[in-house]
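What follows is one structure encoded as structure tokens, with my remarks underneath.
No lab work stands behind these numbers, since they all come straight from the coordinates. No experiment lies behind these values; they were computed from the predicted model shown. In this analysis, Cβ positions are derived from the backbone assuming ideal geometry, glycine residues included, and neighbour counts consider all displayed protein chains.
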Amino acid sequence: MSTLDTAGPAAASIASLWWVMLIGATLIFTFVMSLLALTFFRPGIGRGTPVAWWLVGGGLAFPAVVLTPLLIYALWSGERLFPTGDPAVAQVDVVARQWEWTFTYRNATGGAVRSSNTLHIQAGQPVQLNITSTDVIHAFWVPRLAGKIDAIPGHVTVLQLKADTPGVYRGLCAEFCGVAHLEMQFAVEAHEAGAFDAVIGGLPPATPDVNAPRGRP
Amino acid sequence: MTSLRNQAFLFMALGFTVWALAFSVLYGVQGTGCELGWHRQPVGPLSLLRWLLILIWAAHMAALGWVYWRCRAALAVTAAKAMPEAFLWRASMALSITAAVATVWIGLALLVPSICVV
Amino acid sequence: MTDTTATDPIRLHKQLDRIWSTAPGFGRLSAVNHTIVGRRFIVTAFVFFGIGGILAMLIRAQLATPRSAFLGPEIYNQVFTMHGTAMMFLFAIPLFEGLAMYLLPKMLGARDMAFPRLSAYGYWCYVFGGSMLIIGLVLGLAPDGGWFMYTPLSSRTYTPGINADIWLIGITFVEISALSAAIEIIVTIFKLRAPGMSLDKMPLFAWYMLVTAFMMLFGFPPLIVGSVLLEIERAFDLPFFDPARGGDPLLWQHLFWLFGHPEVYIIFLPAAGVMSTVLPVLARREIIGYIWIVVSIVAMAFLSFGLWVHHMFTVGIPHLALAFFSAASTAVAFPTAVQFFAWIGTLASGRPQLKLPMLFLLGFFFVFAMGGLTGVMLAIVPFNWQVHDTHFVVAHLHYVLVGGFIFPMLAAAYYWLPHFSGRSPRHSLGITAFWLIFVGFNLTFLIMHLTGLLGMPRRIYTYDDAAGWEWLNLVSSIGSFVMAIGFALFTVDIVLQVTMGRRAKRNPWGAKTLEWATAMPPPTYNFASLPSVTSRTPLTESGGKSDNLAIDLARGQGYLGFVRDGRLETLGVEITSGRLEQVVRLPNSTFIPLFTAMITGVFFVSVLLKFYLVAAIGFVVTIAMLLMWTRGWGDRADRGLMSVGLGEEAPPHTEVTGAPSNWAMTLGLFANGTAYASLAFGMLFLWVVAPNWPPPVLLDPSVLASALAVVGLAAAAFAAARSVAPAALARAPQRELWLAVAGAGHGAALAGFVVLMTAVPDPTRHAYLAATFVLLAYVALHAALGVVFAAYGIVRSRAGYVSALRSLDLRIGAQWHRYTAAIGLIALLLIHGLPRVMGS
């Protein structure tokens, strides 16, 4: 379940962002606390320091130097995590309801099929999830693969997911959704190409009511 | 002179009000534009929506320039007469600069390529 | 006129105390004095803190071990919802309101807040509203949808019981006190300062509170509107948040967080004000960068209104839009850093003393710095996607709120306790309490960041042992109990100090702000006479020894060192320059705020229990009682300039344009306008974003009814303006005629709006119809009140309270009439224009 034990490119990119920020934050924290300690252990240490040094240096320049590259890096890396809308990417419609997940595989050969509480994907291949809810707000989250996105009634949200290697990855509902919120867990099973087709082929056909999510993006 | 007295407090809020306006209008137009498909209408190298956002951003920057200039002029007058309002005008001037920097800062977002959800 | 110039301090004290004091016994319930009401706010807030703390202990006990059977999900959901609700709404906000009420008049050199009865009314609303929530908790009916009440989970379909209604109605009741406190704090800081205290000489704490109060004025209305709309949806099935009928759950999130994020800064700024007040005193030097701090407070206030969507990074908003909010969220680090380094610079260039309050200030630095750093991380969009709604966020928000609020407030408690109680500590329990709280806190929450990163979402009532979160949760739980012991010890220490402490010497910390010029504990009237201020450090002015000013004032050698006609008087100044402007008369203790709050309670409880007839009566009676506050209040003859001592004169507040109550109406209309704008925003938002639009039917509102409303509103605004013109003010029949015209205009507008409302076919069908209906109801209510206020103006005029000089009542009314005309016309524009623009 760890966001740091990554198994997909999105989670990996965010985890490296975390490590960078952790190191930066630790350095900043240590620096500020050392300054603070000095004011007590070496009283009057700043008596000769011009006021502007504190305010311009500490208050403006320091955060500017830290935040400008961070923000640009974050926007750049966020941009790469947004779904591209590439029509070649496989599509799965996800419907959340209290307290169950239904997955509909639109592009399956021989018509749409569905599965409940287990999402089957092909390892190494990205898949685009079109997510909605039929009742309250839920959130789709597979910590080891990618960040979360809400399932909102009346809206369709989009998440691109990719697992690097075959395996079973646990997912859960991250937005509080009522008494059985905790039980609303699911699994993502990533299969090798051949095994994937077999699994999909064995799934029951999709019932029309959960076929295509309705609503505005 | 009375206007310099009465407006001092107003101008303290004015700089960032322009910022807030820029922020809300940009966000509102962005949402509406995506809804109406303006991001799919190319105008020259950029989409109609992006041009619109850049224009809105620039207009607010210009407004902030005006606020700054007013504060600066009022500060000169009030400071020369050692009026207590000089403090507010100085603060207002600093706030108009701060608001301009904040507007540039959020303007960074206009560089983000994905303007609407696919 | 019985001017007494008492030079004998004892006699003066007795004269003042007689008129300012509150009766004992049951008479205490009639208290309106800011010292008493402020103290009550603080003590009550700590009681709710205790309740919230016990709930936190239940949460940690439940999560200490995997698969715990201690609390089931039904109870657990109520517990965490009420923990958040109590801490945010019933503890943090009221605590700093109480501190501000207690301190501001003393710091500014005034005898009371601008509207003492409003403070008392706000207090009772807070107590009654808070009690509703606690009673709900005891009965097992507490809200259970999380403290931000996301729809549709909190809608009737998914929360059919009374639980969510208790939250919506109880919190709205409590928010009356937040709005009234906001207005009162602003007006007090604007107007009730010692002469000579221009804004640049004002203590920084007052600047912090001024900005905070403005934020409350604009921040709370969206929440109130959201709550009212949700309650209307729950009770009457008007769809605002139901996507099947053109509503949108995201509208709730926007309204909630539009309040919710500024809320965090509303809580932080007063605490930062404490930092900027206490830290320089203990560092034995003035704070560096006064104007820098003022600028950064204002910047922070504005920026904080541009962050709300960072609570909604996972709802599927386009990246470019997220980037706005990500940028704004990081930008707020700048003003924070300016203040942080101003404090460190002050310490570095002063001679800091490691006294008990300083220990808590250092606790603030450590904890808040970490909360700030994780805050920047959360502003980063991709990272937010991973940790949003996990224990990482729980850890972050506790670092920010406990660091940014509780540590400074505990410092404030120890710093001002000698002032409150007149006693200084005998023991050093406080040091032990600090270390228990500090170590316990970090033990609880530092590793909770990791718990979140390891994938533990918030708001789950248990977990299984395979998850790898067992030891993390156990450590957090142990830490939380250490922290709880620390808070218990703090409580014991405070009680000991108040009951058994040594008599404190005056101004024990060597501070330079005016609150330390009062006796300790302070007398009912604060200052026997009011100071004239010439610098930021008034206590160093009189001869350089801090006690001199206090003695001079006690001897009546400042302004108003006498009692005139048995009236409670304080001084009012021009906002910016602090020049003497008016003598403000204040009310004495009275039961009417308590009674009004009780009737207001009848209204809210009837709404909760769906007794709508009783609720309507309660509403009408509440308005009537609020108007009754002014009975016998005011002057029936012109007074002209009055002596204020020191050879200066000023008119009474009823005879100046900038009277406190006139400002209160202006500010009240700002808040009202924000609520109205939120409503209009909601309608536009639904139209653009919500699913299932366009609506099944577009309205073509009646032209005749609309024209009637337009004419009525125009007449009301015009007549109101004429009624306060000099010519009309001078002649009673003329001004009363104009007021009658204003009232009739409102009446016509009301009729027009009601016709339009009844023409809306079944507002439960679609959000468009519901929003139109509510928009019209909003302006109709304002027109109805316009009739009442116009009539009230006539009553006041007849009773002799109005003259060419004493036009305050009518000018306050005129503001309402103009405002109502404006929002009424906007409503008509929207209901006619939107279908045309958006329908095509």
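Brief remarks follow.
- Estimated FRET transfer efficiency (B:LEU111, A:GLN185; beta-carbon r; R0 35 Å; 0.05): 0.35
- Sequence-separation-based contact order of chain B, relative, with Cα cut under 8 Å and 6+ spacing, percent: 39
- Under the combined filter of DSSP loop state and at most 16 neighbouring Cβ atoms within 10 Å, the range C:207-307 retains none of its chymotrypsin sites (Phe, Trp or Tyr not before Pro).
- Phi-based couplings in Hz for the range A:184-194 (Karplus 6.51, -1.76, 1.60; Gly and Pro marked x): 7, 9, 8, 10, 10, 9, 9, 10, 5, 3, x
- Take the Cα of B:VAL101, step 7 Å toward its Cβ, do the same at A:GLN125, and the gap between the two points is 5.2 nm.
- The residue among C:ALA777, C:PRO763, C:VAL711 whose Cα reaches farthest toward the positive pole of the charge dipole of the range C:694-839, with charges on the beta-carbon of Lys, Arg, Asp and Glu, is C:VAL711.
- Stokes-Einstein D in µm²/s, Kirkwood radius over Cα pairs - chain A at 4 °C with 1.567 mPa s viscosity: 65
- Inter-chain neighbour count for B:101-108: the average number of beta-carbon atoms from partner chains within 10 Å of each residue's beta-carbon is 6.
- Taking every residue in C:684-695 and counting other chain Cβ atoms within 10 Å of its Cβ, the average works out to 3.
- Peptide ranges C:485-498, C:70-83 listed from the most packed, as the mean C-beta count within 10 angstrom indicates: C:70-83, C:485-498
- Here's the list of lysines a cross-link from C:LYS191 could span, going by alpha-carbon distance under 29 Å and ignoring same-chain residues fewer than 8 apart: B:LYS81, C:LYS14, C:LYS106, C:LYS201, C:LYS512, C:LYS545.
- Inter-chain Cβ neighbour average for residues B:86-92, partner chain, 10 Å: 5
- The shape of the range A:9-81 comes out oblate: with a ≥ b ≥ c from the C-alpha gyration tensor, a/c is at least 1.5 while a/b does not beat b/c.
- Label-point separation in nm, B:GLU35 to A:ASN117, each point 7 Å along Cα→Cβ: 3.9
- Reciprocal of mean inverse Cα separation for the range A:90-210 (Kirkwood radius, Å): 14.2
- For the protein assembly as shown, A:CYS173, A:CYS177, B:CYS71, C:CYS125 stand unpaired, since no other cysteine beta carbon lies under 4.7 Å from theirs.
- For chain C, the square roots of the Cα gyration tensor eigenvalues, ordered a ≥ b ≥ c, give a/c of at least 1.5 with a/b no greater than b/c, which places it in the oblate category.
- Of A:MET1, C:MET197, C:MET598, the sequence from fewest to most neighbouring Cβ atoms within 10 angstrom is C:MET598, A:MET1, C:MET197.
- Considering helices alone, the calculated mean residue ellipticity of chain C at 222 nm is -22500 deg cm²/dmol, with DSSP H runs of length four and up weighted by -39500 (n - 2.57) and normalised per residue.
- Electrostatic dipole magnitude of chain A [Cβ: Lys, Arg +1; Asp, Glu -1; Cα centre; debye, to 20]: 720
- Nearby lysines by direct alpha-carbon distance to A:LYS148 (threshold 20 angstrom, same-chain neighbours under 8 apart not counted): A:LYS162
- Point-charge dipole on Cβ atoms (K/R +1, D/E -1) for the range C:1-133, about Cα centre, debye to 20: 180
- Magnitude of the charge dipole, the range B:10-111, Cβ model with Lys/Arg +1 and Asp/Glu -1, debye to 20: 200
- Prolate/oblate/rounded label for the range C:694-839 (Cα gyration tensor, a/c 1.5): prolate
- As a rough guide to protection, the peptides C:796-806, C:165-175 ranked by mean Cβ packing within 10 Å, highest first, stand as C:165-175, C:796-806.
- Rg and Dmax over the alpha-carbon atoms of the protein assembly as shown stand at 30.3, 102 Å.
- Taking amide H atoms as placed 1.01 Å from N in the peptide plane, the amide H of C:VAL644 lies under 5 Å from those of C:GLU649, C:ALA650, each 5 or more residues away in sequence or on another chain.
- Residue-wise HN-Hα couplings along the range C:270-280, as the Karplus relation 6.51 cos²θ - 1.76 cosθ + 1.60 with θ = phi - 60° gives them from phi, are x, 5, 5, x, 5, 3, 6, 8, 7, 4, x Hz; Gly and Pro carry x.
- Dipole of the protein assembly as shown [Lys/Arg +1, Asp/Glu -1 at C-beta], most positive-end residue of C:VAL644, C:ILE406, C:THR157: C:VAL644
- Using R0 = 41 Å, the C-beta based FRET efficiency linking C:ASP17 and A:LEU22 works out to 0.10.
- The stretch between A:ILE45 and A:THR109, if pulled fully straight at 0.36 nm per residue, gains 15.6 nm over its current Cα-Cα span.
- Spherically averaged projected area in nm², based on the convex hull that wraps the Cα atoms of the range B:10-111: 6.5
- Note on chain C: dipole from Cβ charges, positive end direction compared against C:ILE317, C:TYR415, C:SER723; the farthest Cα belongs to C:TYR415.
- Under the combined filter of DSSP loop state and at most 13 neighbouring Cβ atoms within 10 Å, the range B:9-106 retains none of its chymotrypsin sites (Phe, Trp or Tyr not before Pro).
- DSSP beta bridges in the protein assembly as shown [antiparallel fraction, %, rounded to 5]: 75
- Rounded to 5, the percent of DSSP beta bridges in chain C classed as antiparallel: 95
- Integer Hz, Karplus 6.51/-1.76/1.60 couplings in order for the range A:30-41, x for Gly and Pro: 4, 4, 5, 5, 5, 4, 4, 4, 4, 4, 9, 7
- In this structure, the amide hydrogen of A:GLY171, modeled 1.01 Å from its nitrogen in the peptide plane, lies closer than 5 angstrom to those of A:PHE186, A:ALA187, A:VAL188, counting only residues at least 5 positions away or on a different chain.
- Between C:VAL795 and A:THR207, the modelled label-to-label distance comes to 6.3 nm, taking each label 7 Å out from Cα in the direction of the beta carbon.
- What the Cβ-Cβ distance of C:LEU641 and C:ILE291 gives, at R0 = 35 Å and to the nearest 0.05, is a FRET efficiency of 0.50.
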